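Inspection log for the structure reproduced underneath, given as structure tokens.
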Amino acid sequence: ANALDDYEEGPFTATLRGGTAEPGTLITTTGEYTKVGRKVSYELGFLNDDTTGSSGTVTVQGLPYAHSALSTTPTAVMSHIMLSWSNQLAGYIGESGSTISLKFIQSGGGWGSATHNAGTARYLLCNGTYIT
């Protein structure tokens with residue numbers, strides 16, 4: 001009687017993208033997701049990656065399902081050295097999208113797009129929940 005009618009979980013491939021330039025070989029990682037009904041929870045991590053050649057805005061493509069809400073959904077983000085930003089950092093999944101856009105906000109200012117701080121030993125962790 002309490003069985004879930006629509007439950008699935010599994011891996012997905014996420015790709016770290018640069019808005020201006022990317023390395024010759026794209027940087028990918030395997031994330032994990034759980035979907036219950038229309039609610040998708042996910043986590044992914046780019047760990048100790050060499051992002052040399054990446055520049056411009058930072059996005060992560062390849063979420064397992066497209067977001068269907070009428071507005072953007074926030075994503076928890078943690079970075080070590082990978083991004084050029086200050087103060088508060090967040091990721092957003094746009095309407096009908098399967099891409100996380102990394103944003104920052106400075107005290108007293110508006111949102112801006114986080115940009116690559118390319119090099120070796122770069123880390124980016126993301127997790128969140130959205131509606132499909």
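Which of the following residues is open to solvent by 40 Å² or more (accessible area, probe 1.4 Å) and hydrophobic (A, V, I, L, M, F, W, C): LEU125, LEU102, LEU89? So the residue among LEU125, LEU102, LEU89 that is open to solvent by 40 Å² or more (accessible area, probe 1.4 Å) and hydrophobic (A, V, I, L, M, F, W, C) is LEU125. Checking each residue in region 1-20 for being more than 17 Å from ILE100 (Cβ to Cβ) and either part of a loop (DSSP other than H, G, I, E, B) or acidic (Asp, Glu) (or both) picks out ALA1, ASN2, ALA3, LEU4, ASP5, ASP6, GLU8, GLU9, THR20.
Filtered by the rule that a residue be closer than 18 Å to THR20 by Cα and either of a type in the set (Asp, Glu) or touching a Ser or Thr at 6+ places or on another chain (Cβ under 9 Å) (or both), region 105-121 gives SER113, ALA114, THR115, HIS116, ASN117, ALA118, GLY119.
Do we find that GLY37 is at positive phi and modelled with pLDDT of 95 or more in this structure? Answer is no for this residue.
Would you mind stating whether PRO11 is at pLDDT 95 or above and buried (at least 17 other Cβ atoms within 10 Å of the Cβ)? Taking the combined requirement at face value, the residue does not satisfy it. Residue-level check: of (1) at pLDDT 90 or above; (2) over 18 Å from GLU22 (Cβ atoms); (3) open to solvent by less than 60 Å² (accessible area, probe 1.4 Å), TYR65 misses just (3). In region 24-47, how many residues are over 30 Å from ASP5 (Cα atoms) and open to solvent by 30 Å² or more (accessible area, probe 1.4 Å)? Residues in region 24-47 being over 30 Å from ASP5 (Cα atoms) and open to solvent by 30 Å² or more (accessible area, probe 1.4 Å): 5 in total.
The values are calculated or read from the model by the stated rules, or taken from the named source; none is laboratory data. Every value quoted in this text rests on a predicted model; they were computed, and no experiment measured them. Note: ideal-geometry Cβ built from the backbone for every residue, glycine included; neighbour counts use all protein chains shown. With ligands, DNA and RNA removed, areas are computed over all heavy atoms of the protein, side chains included. Shrake-Rupley method; radii C 1.70, N 1.55, O 1.52, S 1.80 Å.
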